[in-house]
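No lab work stands behind these numbers, since they all come straight from the coordinates. What you see is a predicted model; the values in this text were computed from it and never measured. In this analysis, Cβ positions are derived from the backbone assuming ideal geometry, glycine residues included, and neighbour counts consider all displayed protein chains.
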Amino acid sequence: MTALQPHCYADLIGKPFVRGARGPAAYDCWGLLQEVLRRMGDSPTDFPSDPALLRTALADEWQPLERSQVRPGDGILLRATDPEYVWHVGLILDGFQMLHARDDAGVCIERYDSPARARLVVGFYRFRGRP
């Protein structure tokens, strides 16, 4: 699995997390995912930070993947640890790391296979516009 190229996201690392933020100074998890996908040439729909709308967006624009099909640039859906958010999204960078925006750390890279994160993984998705 080839890693996602750093030029798609390196300048975003460390930006603060702000609910509903779509950049360029701050991002929430969906805003970050949108920004990186735009840089990759895709155009996912924006929506307010609402769990019901996230389900709709996933159903309309994302195809579910088996773990063995995941590649850099795919999305990862996790259960959120914040009670105001039901879902949390990130972007797969390589075979074990994801880029995401956390309220306590801002935009960061973490292992999605770590014990703390692996138990929260709901599924993996590919934006329907991607080959």
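A simple spin-label model places pseudo-atoms 7 Å from Cα toward Cβ; at Val121 and Ala105 they are separated by 1.6 nm. Seen from a random direction on average, the alpha-carbon convex hull of region 6-127 projects onto 6.7 square nanometres. Placing a pseudo-label 7 Å from each Cα along the Cα-to-Cβ vector at Val86 and Gln5 gives an inter-label distance of 3.8 nm. The distance separating the Cα centre of region 1-15 from that of region 60-104 comes to 15 Å. A simple charge model with +1 on the Cβ of Lys and Arg, -1 on the Cβ of Asp and Glu and nothing else charged puts the dipole of the chain at about 240 debye relative to its Cα centre. Taking the chain as a Gaussian network of alpha-carbon nodes connected by springs under 10 Å, the highest mean-square fluctuation of the residues Ala116, Ala80, Ala101 belongs to Ala116. Measuring max minus min along each principal axis, the C-alpha atoms of region 1-50 give extents of 32, 23, 17 Å (largest first). Given the DSSP H assignment, sum -39500 (n - 2.57) over each helix run of at least 4 residues in the chain and divide by its residue total; what's the result at 222 nm in deg cm²/dmol, nearest 500? Helices in the chain give a 222 nm mean residue ellipticity of -5500 deg cm²/dmol.
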